[in-house]
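Presented below is the structure to which this report refers.
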């Protein structure tokens, strides 16, 4: 016959990932001829709980290296972009969804530029990113407790040894 005990622990009650693709544009100081390179840096983000949706607020900087003046000069322009993405999650236990739940957002694929075009003196960038979200809440686990527990081992006292015994001989 077994008794049961409940352990209260933190558990993942909702989890999901999603890939986002969006076009952004920026206007450099000079009229660009050719884009020589572009990269995304300083990606930061956080999530907030909104029922079984998570709102992810984030930002990143885009640096575009381009040539201008008939490809005789180069420059780099930088712009910060902000975003808000909504992720719907399947919640395992809706009753454990509260405002106290912890939201963990991870960047599974950092924002990267997939395509770049120049149109009418503007640079258009297609940026892709993948975000993963976990909602952590409290859960209970039942475990069986065995009644026939093994007995305790007896610990025997070590015999007293006289340290001066050998000195006398």
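Normalising by residue count, the chain has a Cα convex hull of 269 Å³ per residue. Rounded to 0.05, the FRET efficiency of the residue 63 and residue 130 pair, given R0 = 22 Å and the Cβ-Cβ distance, is 0.55.
What percentage of all Cα-Cα pairs in the stretch 92-158 are separated by more than 18 Å? The calculated P(r) of the stretch 92-158 puts 72 percent of pairs beyond 18 Å.
Rule-based calculations on the coordinates, nothing more; no lab input. Worth saying up front: this structure is predicted, and the values here are computed from it rather than measured. Here the Cβ is made from the backbone with ideal geometry for all residues, glycine too, and neighbour counts use every protein chain on show.
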